[in-house]
1. What does DSSP give for the chain in terms of the percent of beta bridges that are antiparallel, rounded to the nearest 5?
2. Angle check, please: helix 261-273 long axis (alpha carbons) against the longest principal axis of the chain (alpha carbons), in degrees 0 to 90, nearest 10.
3. Tell me the per residue accessible area of the chain using a 1.4 Å probe; a whole number in Å² is fine.
4. From the cross-link list Lys28/Lys62; Lys145/Lys238; Lys188/Lys242, which pairs have alpha carbons spaced over 20 Å apart?
5. How big is the C-alpha Rg of segment 34-80 next to the rule-of-thumb value 2.2 N^0.38 Å, as a ratio?
6. Please check: in the Gaussian network model of the chain (C-alpha springs, under 10 Å), which one of Phe271, Phe56, Phe285 has the largest mean-square fluctuation.
7. Tell me, what HN-Hα J-couplings in whole Hz come from the Karplus equation 6.51 cos²θ - 1.76 cosθ + 1.60 at θ = phi - 60° for each residue of segment 98-114, using x for Gly and Pro?
8. Quick one: divide the alpha-carbon radius of gyration of the chain by 2.2 N^0.38 Å and tell me what you get.
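The values are calculated or read from the model by the stated rules, or taken from the named source; none is laboratory data. Small disclaimer: the values here were computed from a predicted structure and weren't measured. In this analysis, Cβ positions are derived from the backbone assuming ideal geometry, glycine residues included, and neighbour counts consider all displayed protein chains. Heads up: the accessible areas ignore ligands, DNA and RNA and are worked out on the full protein's heavy atoms, side chains in. Shrake-Rupley method; radii C 1.70, N 1.55, O 1.52, S 1.80 Å.
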Amino acid sequence: MKNKVTKAIFPVAGLGTRFLPATKSIPKEILCLVDRPLIQYAIDEAREAGIEEYIFVTSRGKGALEDYFDAAPQLEQSLKAKKKFDLLKVLNHSTMDSGEIAYVRQREALGLGHAVLCAERLIGDEPFAVILTDDVIAADKPCLKQMIEAHEQTGGNIVAAMEVPPSKASAYGLLDIKEDMGALVSVKGMVEKPEPEDAPSNLAVIGRYILTPGVMKNLRTQAAGAGGEIQLTDAIAKEIEKYDNVFGFRFDGQRYDCGSKAGFLQATVAFALARGDLSEEFMEFLIKMVDTRRAAQ
Ligand code: UTP
């Protein structure tokens, strides 16, 4: 079995109901933080981590995603003619090479585990990454790169993990910790969205994974779990029973849950403030806005 991680699955077939009505006609992954769609952040992170093949699990109504990665000859010509080379560079950055990107369809939104299983034939017998575009992570070293480096030491399965407040824990998959080694944690169990009294810890799994082909095999026979969905967490947990090779990884970086409105807004503010061309004016506006609100209270 090959050990280098060069393929990543991007499950983008969900319905995105928390962003209705926008997601009635726009895929959630095309929503922008400042001027870049969520999907661009995910692709950039994967590329910097050494990923060479990008597999999208899509569904009906996600055509805008395919167009986003395609060449845009008319636009390119127009920018060239007007000598707008900076914009041309920005445009080219979003274009993927032919053959670099593959799309498979999930016909029915049966859950994240099922979406990952849809990519089985394109993965074969090698470890692979899964990236959830909802989770945008600002980090000096991209989160997936940190995980791939850790994977070179551990092998097996690695899930990105972070402490969450107990009040929010039951919205996540949670790790039952066997041994806490600092950034790395060996795991003896995983529970998806438990009732608060059943939570084994408040160390939650977020949307970055490096998985073994064994997880794919488990998914083939995985029954529906929490929420009636085929859960990726359950298929990873089975590997603990078989091989004891699952690790949590506390990454360095700030994660934004852009699948929720509050998280998306926080990310928008953070990314706008980090932009040299916007920060001054935007910060002035924010301060004024907050002062006015406070004065009115
Ligand atoms: P979410 O649980 O956030 O679901 O899925 P969602 O449909 O995207 O959004 P809401 O909750 O209705 O607002 C987490 C990730 O798993 C993918 C989603 O596209 C998202 O990236 N997913 C989920 C699938 O690809 N297929 C599924 O059947 C379920």
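1. Here the antiparallel bridges make up roughly 60 percent for the chain.
2. Between helix and principal axis, roughly 50 degrees.
3. 53
4. Beyond 20 Å: Lys145/Lys238.
5. My calculation over the Cα atoms of segment 34-80 gives 1.36.
6. Highest fluctuation among the options: Phe285.
7. Using θ = phi - 60°, the values come out as 4, x, 7, 10, 10, 10, 10, 9, 9, 6, 9, 6, 8, x, 4, x, 5 Hz.
8. Compactness ratio reported: 1.05.
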